[in-house]
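This report refers to the structure that appears directly beneath it.
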Amino acid sequence: MRPTRVATLLTAGLVTLLGMPGAAAAADTPSTLYVDNRDASRCSDAGPGSQAVPYCTLSAAAKVVQPGQTVKIRPGKQYDESVTIDRSGEPGRPIAFALDPVGDRRHAEPAYTRAVTIRGASHVRLSGLRAFGGVTISGAAGIRLEGVSVTKGNLPDALLVEGSTDVQVVRSEIAGVRIAGGSRDTVVSRSMLIGSRGQAVTAVDAPGTILTNNMIVGYCGAMASVGGGSTGSGLFNNVLHNSRTSDHCKSAEPRQGIAVAPGAVEGTRVDYNLTIANAPLQQVYAWSGAVHPTPEAFRAATGQGAHDLLTSDPREASVSLAVDSADATAPGVTTTDYDGYPMSDDPRVPNTGRNGGYLDRGARETHDFLSKVWMDVEPSWAPAGTPVEVRAYSDSKWPTMMSYRVDFGDGSAPVAAVDSGDGAPRASHVYRSPCECKVTVTGVNGGGTTFSDERTVRVTAATPPAAAFTAEPVLPASADPSSHVRPLTVRIDPSGTTAPWPVRFVHVDFGDGSGTSTEHTGPVEHTYARPGTYGVTVTVRDSQGTETTATRRVQVDYAPSAYTAVAPFRLLDSRTTGSALHSGGPVQVALPVGQAVPGHALSGGMAAAVLNVTVTGATEDTHLSVWPSGQPRPATSNVNVRAGGTSSNTVTVPVGADGRIQAQLNSGRAELVVDFAGYYQPGAGHRFTPVAPTRLADTRTAGGALGGGQIRTVKVAGTAGIPAGATAVALNLTGTGATADAHVIAYPDPARRPATSNLNVEPGKDKSNQAIVPVGPDGTITLWTNTGSTHVVVDAVGWYGKDGRALFTPAVPKRLADTRTTGRLAPGATAAVTGLPAGAVGAVLNVTATESTGAGFLTVYAAGAARPAASSVNTRPGDTVPNHVTTPVSGGGAAVWNSFGGSTHVIADLLGHFTQP
């Protein structure tokens, strides 16, 4: 900081401008009134003017304000009124009008009003207002305007002071000032005075007028004119900027800088002003009737303006001439400038002000414009006992004026950063014990502006390094379509590694043949292609070249998920794309996410998809397998079809690491149709509650066959143990007695039938398929067939909703049972399906009946439970018939019962299981 002599130099000016401190307000006088018109229903001009019930207008407050009270005005608002202030304060107890809250002048929004008149009043303070109808001060005394903005339309002299004494105008912007009518001791300082419609400032018969440290911009006549009997006046430290000629100027009127009339010369002083004549200026000075073109001529003739300057280059004025060259002892000097900045010493410019002072001329003080401070810490990670050095920096344009103090954050006393000659002040410290210590560097410029920066230093124990990591699944937090969290993604976090020195290299071997390297111990994520147990190894190397390794087994699996039902839509139809399936290899099917399908917002975090898959036009008897992409083809099947026939099945399949599934024919060629019905995902959707298969509808006993083009509604929610709040139901649909090859659609809204299918029926064959159908209006679903007629049997096997109990864990298709290795299932006999995870309450299976000797059906239910009167798979001699089956389980198993239609082989493949958290 600079020597305190500056404060001494300023003392005389400050006392002149600010006066002496006054007494405290009387104890019985309320300290504050409030004006706030934001809420017309809350404010009242007839109210108390309290913060709870403020006045709506400034005028209301002006009529009642008492000495010692402050009227706080809400900023940023328009008070569309002309205000007259004719009440007085007392010495030491002024009446004040100010913004609430008071903001930084550089950024604060003012309060707006029309004309303001202060008439016959004394001891009044006015700040923060923008008056666009002008301000008039008449017959008043002890008035102070601070931080005001005053215009008056297209008229000059926005501020008029008449017959008043001791008026102070500080840090304001005014479109023309006129001081007249015998006014005495008016002081205008650190203000922007702009005379676009006339002279910037005029004093007539106003003795003791002081203009100090202003920016005076003139377009017409004299920029600053002191006339009449304005004796004992003074113009100090002003910057007078002569701008272009205004169209409103009188053509014969000479353009002048400072003009002092003969009657005002006595006792008037002019010094330390700077005139910028970047437009034609006929007379720089007019003094007692004589004109002088330069400061030198003016000094020679009058003895005034000993330190006045003249330039035609505005840049030179702002960069050098005006800086640190003013008189800090002049009357009217303030400690802060137009923007509220304190005076500061620019180290680039010699101090040519009075007595070596460094006050700037004009309204604004030149600063270094410090906006940030930062540091480097080296090393930022080290064992205790290692010296740590901080180097401090800032964006100050005056680095030699900056000082820095460093707090190392361990309780030790802050220390000064010292410049060792390279321009980067530095401080050093030795930590004695381990800590995560916050280092703070604080920089202060020559004007007292302060900024800080913080960094964390890791001080470790002086022990050998030890790698460590955690592994956890990365799960989606919501069904946000913009996120893409793939299943089987794991986060490996080595941040638990202990190392005395900074880590420079981390390698993670994910155990599946892939790995990644980083330069830090932050977490990394990896998506595995398939579930399994992997040996993950983390290798860490520190800055001293020391390596350490940690290895552990990480289990990767699909996470328990809830279900989101969607309005069904067709995802793929090879009949329209010319891309029929061949047995030579799999076809990839991308599952849409986001807004890829119009009208659907599909999550990027789906773990498994529920599809209706149809195979048609097969060239030979064959079957189709569906499984996650990037994984080996399983020894399971999903759809079996005869040559020339059509067969469909619901498929629940996990999503591959690339967001795809794949399908492959066992042999031959066929067309593939895939309809999307919904998806499972962690963290979103509804849970499932399995129920023992329950018949909801059978057209053979009620309503008659479903005819082509007809619809039939079936009540599903609020009946048979399915709550009214269910959002989707899992159903087994069976078609029988069909009169034509046709398809049946089950859907929620009868007014919006999708272009998809759920069940393909054929004459002479009973065919079934499971479907998960969103619940429609009044708890119903709708059935429709395209042609012929058919009977439809609807059996419920479970429901989804916010009150559901179980979450679904997808599984890569896995064979659990195959009677072809143990012998046919006889009529009336039961086969056990075991191998389900412990704690499972339900399972999703693909159950296939093959080599049947007669027409019948299979019923799948929980092991040990009573067998329900419903079917899960229809058996047909000579056909292989699969069906997607959702069933309760008990004790890790399910039972498959064969009806009395003949013996059959049964194959059960696991697609996933339900658990109740």
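The values are calculated or read from the model by the stated rules, or taken from the named source; none is laboratory data. Because the structure is predicted, anything quoted here is derived from the model rather than measured. A quick note on method: Cβ atoms are made from the backbone with ideal geometry, for glycine too, and the neighbour counts reach across all protein chains shown.
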Kindly check whether there is at least one residue in segment 475-495 that is touching a Gly at 6+ places or on another chain (Cβ under 6 Å) and either of a type in the set (Asp, Glu) or within 27 Å of ARG391 (Cβ to Cβ) (or both).
-> no
Can you tell me how many residues in segment 642-682 are basic (Lys, Arg) and closer than 17 Å to THR489 by Cα?
-> 1
Has segment 454-464 got at least one residue that is under 37 Å from the mean Cα position of the chain (by Cα), surrounded by fewer than 18 Cβ atoms within 10 Å (Cβ to Cβ) and of a type in the set (S, T, N, Q)?
-> yes
The listed residue being of a type in the set (A, V, I, L, M), over 30 Å from PRO350 (Cα atoms) and not assigned by TED's automatic domain parsing to the domain that holds GLN544, out of VAL444, VAL415 | VAL415
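Mind checking whether some residue in segment 70-84 is hydroxyl-bearing (Ser, Thr, Tyr), closer than 26 Å to THR336 by Cα and under 36 Å from the mean Cα position of the chain (by Cα)?
Looking through segment 70-84, none of the residues is hydroxyl-bearing (Ser, Thr, Tyr), closer than 26 Å to THR336 by Cα and under 36 Å from the mean Cα position of the chain (by Cα).
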Turns out the strands (runs of 3 or more DSSP E) fully within segment 29-94 with at least 2 residues that are surrounded by fewer than 22 Cβ atoms within 10 Å (Cβ to Cβ) are 32-35
Answer yes or no: is there a residue in segment 870-886 that is in contact with a strand residue (DSSP E or B) (Cβ under 8 Å, 6 or more places away or on another chain) and more than 25 Å from ASP766 (Cβ to Cβ).
-> no
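How many residues, within segment 539-553, are small (Gly, Ala, Ser) and assigned to a strand (DSSP E or B)?
Of the residues in that region, 1 qualify.
Conditions (1) in a loop (DSSP other than H, G, I, E, B); (2) in contact with a Pro (Cβ under 7 Å, 6 or more places away or on another chain), marked per residue:
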residue: VAL506; (1), (2): no, yes
residue: ASP512; (1), (2): yes, no
residue: SER517; (1), (2): no, no
residue: HIS520; (1), (2): yes, no
residue: GLU525; (1), (2): no, no
residue: TYR534; (1), (2): no, no
residue: THR537; (1), (2): no, no
Being in contact (Cβ under 8 Å) with a residue 12 or more places away in the chain, over 29 Å from SER380 (Cβ atoms) and assigned to a strand (DSSP E or B) narrows it down to one of VAL490, VAL485, so name that one.
-> VAL490
Is it the case that some residue within segment 113-123 is surrounded by fewer than 22 Cβ atoms within 10 Å (Cβ to Cβ), out of contact with any strand residue (DSSP E or B) (no Cβ under 7 Å at 6 or more places or on another chain) and within 28 Å of ASP337 (Cα to Cα)?
-> no
Sort out which residues of segment 845-886 are touching a residue at least 60 places away in the same chain (Cβ under 8 Å) and polar (S, T, N, Q), and write them in order of number.
-> ASN846, THR848, THR850, THR859, SER871, SER872, ASN874, THR880, ASN883, THR886
Counting only residues that are at pLDDT 90 or above and farther than 27 Å from ALA261 by Cα, how many does segment 285-322 have?
-> 1
Is it the case that segment 376-384 has a residue that's assigned to a loop (DSSP other than H, G, I, E, B), among the hydroxyl-bearing types (Ser, Thr, Tyr) and not assigned by TED's automatic domain parsing to the domain that holds VAL270?
-> yes
In segment 252-279, how many are assigned to a loop (DSSP other than H, G, I, E, B), at pLDDT 95 or above and aliphatic (A, V, I, L, M)?
-> 2
Could you check how many residues of segment 592-621 are touching a Phe, Trp or Tyr at 6+ places or on another chain (Cβ under 8 Å) and closer than 23 Å to ASN640 by Cα?
-> 4
Selection status of ALA705, over 20 Å from VAL773 (Cα atoms) and not assigned by TED's automatic domain parsing to the domain that holds PRO568 = yes
Taking segment 392-418 as the search range and keeping residues that are touching a Lys or Arg at 6+ places or on another chain (Cβ under 6 Å) and assigned to a loop (DSSP other than H, G, I, E, B), which one is surrounded by the most Cβ atoms within 10 Å (Cβ to Cβ)?
-> ALA417
Any chance GLU109 is closer than 23 Å to TYR338 by Cβ and assigned to a loop (DSSP other than H, G, I, E, B) | yes
Would segment 474-482 turn up any residue that is at negative phi and part of a strand (DSSP E or B)?
-> no
Just need a number here: residues in segment 95-122 that are modelled with pLDDT of 85 or more and of a type outside the set (S, T, N, Q).
-> 16
Would a scan of segment 858-875 turn up a residue that is surrounded by 16 or more Cβ atoms within 10 Å (Cβ to Cβ), of a type in the set (S, T, N, Q), in contact with a Gly (Cβ under 9 Å, 6 or more places away or on another chain) and not in a loop (DSSP other than H, G, I, E, B)?
-> yes
Pull up segment 554-578, narrow it to residues that are in contact with an Asp or Glu (Cβ under 9 Å, 6 or more places away or on another chain) and not in a strand (DSSP E or B), then point me to the one that is surrounded by the fewest Cβ atoms within 10 Å (Cβ to Cβ).
-> ARG575
Strands (runs of 3 or more DSSP E) within segment 138-222 that include 3 or more residues out of contact with any Pro (no Cβ under 7 Å at 6 or more places or on another chain), more than 25 Å from ASP324 (Cα to Cα) and at pLDDT 95 or above | 141-146, 159-162, 165-170, 177-180, 201-204
